[in-house]
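**Q** Here it is, the structure in full.
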Amino acid sequence: MTSPELMPVTSMLLIGLLGAGHCAGMCGGIVAALGFATNQQKSRWPIILTYNLGRITSYGLMGVLVGFLGYYGDQFLSLGPWLRGVAGILLILMGLYIADWWRALTLLEQMGQHVWKRLQPISNGLFQVSTIGKGFFFGMLWGWLPCGLVYSALAYAGASANPITGGIAMAAFGVGTLPAMLAGGIFSSQLRSILQGRLLRIVMALILIGFGSWTIWTAVSHNHSASAESGSHSGHEHMQH
């Protein structure tokens, strides 16, 4: 993997880690319930791990899909800079959401509820899973739970305009959320109180806002450079004629 391809993967890992407070708030209850879904301590951890592996697998598949869509939009419609701009805006909105300064991103989560309503009947047995195979399957369903942080990450993965990079980047995002999800199974209330502390949330939010602003700036500067290069090339051809 080249350096330009490694950048979104590293960034997505960081986004997953920074969104830990949001993850603890949205999924902390689910993780805690999963931690006590089985009475046997030995079988608890394998099932929790396979739940999360299934969730990360779903993220990876989503990343491949949006990476393919991004590739099509960039190659045939020249939407690359626009896709990066949208990704930057969503990251800023996610930062505002985490800091509880503006919750506009909840509108995306409400839209995602329509998809989740179709999957929810299948997940009725979520907390009665007794094997790692079922845990993986229901973990994949869990990956489709409406979440503004996931949507922001998907926009960034789509901006890579590469299905492979998009898939790996979304998997890296899932790995970034893993510490909060695994720890939540044991220290749910303690972890949530720490990750949702006001100061920590503001720091994480400011980093996301800064990262989103940088993403928008790179998209605008790239678009400006491409336009200038195109104009220079056209002028050179005109002089030759």
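The values are calculated or read from the model by the stated rules, or taken from the named source; none is laboratory data. Values in this document were obtained by computation on a predicted structure and should not be read as measured data. Because the Cβ atoms are built from the backbone with ideal geometry, glycine has one as well, and the counts that use them run over all protein chains shown.
**Q** Among the candidates L91, L69, which residue alone is of a type in the set (A, V, I, L, M), in contact with a Ser or Thr (Cβ under 9 Å, 6 or more places away or on another chain) and touching a residue at least 40 places away in the same chain (Cβ under 8 Å)? Walk me through it before giving the result.
**A** On the way: L69 fails: in contact with a Ser or Thr (Cβ under 9 Å, 6 or more places away or on another chain).
Answer to the check: L91.
**Q** Pick from L83, L108, L79, L53: which is in contact with a Gly (Cβ under 7 Å, 6 or more places away or on another chain) and at pLDDT 90 or above?
**A** Values: L83 fails: at pLDDT 90 or above; L108 fails: at pLDDT 90 or above; L79 fails: at pLDDT 90 or above.
Checking each option against the conditions leaves just L53.
**Q** Another one. How many residues are surrounded by fewer than 17 Cβ atoms within 10 Å (Cβ to Cβ), modelled with pLDDT of 85 or more and under 25 Å from G158 (Cα atoms) when one looks only at region 90-105?
**A** 1
**Q** Does region 145-158 contain any residue that is of a type in the set (A, V, I, L, M), within 27 Å of R55 (Cβ to Cβ), surrounded by fewer than 21 Cβ atoms within 10 Å (Cβ to Cβ) and at pLDDT below 90?
**A** So in region 145-158, the residues of a type in the set (A, V, I, L, M) come out as 145, 149-150, 153-155, 157.
Subsequent filtering for residues that are within 27 Å of R55 (Cβ to Cβ) retains 145, 149-150, 153-155, 157.
Filter again for surrounded by fewer than 21 Cβ atoms within 10 Å (Cβ to Cβ), leaving 145.
Filter once more, so that each one left must be at pLDDT below 90: 145.
Within region 145-158, one or more residues are of a type in the set (A, V, I, L, M), within 27 Å of R55 (Cβ to Cβ), surrounded by fewer than 21 Cβ atoms within 10 Å (Cβ to Cβ) and at pLDDT below 90.
**Q** Consider L34 carefully, then state whether it is modelled with pLDDT under 80 and surrounded by 22 or more Cβ atoms within 10 Å (Cβ to Cβ).
**A** Details: modelled with pLDDT under 80: yes; surrounded by 22 or more Cβ atoms within 10 Å (Cβ to Cβ): yes.
Yes: the conditions hold for L34.
**Q** Another one. Read through the list (1) buried (at least 20 other Cβ atoms within 10 Å of the Cβ); (2) at pLDDT 85 or above; (3) within 15 Å of the chain's Cα centre (by Cα), then give the number of the only condition that N162 fails.
**A** Against the list (1) buried (at least 20 other Cβ atoms within 10 Å of the Cβ); (2) at pLDDT 85 or above; (3) within 15 Å of the chain's Cα centre (by Cα), N162 comes up short only on (3).
**Q** Moving on to the next point. Which residues, counting only those in region 126-183, are among the hydroxyl-bearing types (S, T, Y) and in a loop (DSSP other than H, G, I, E, B)? Please lay out each step first, then the result.
**A** Start the filter on region 126-183 by keeping residues that are among the hydroxyl-bearing types (S, T, Y), which leaves 130-131, 151-152, 156, 160, 165, 177.
S130, T131, S160, listed by residue number.
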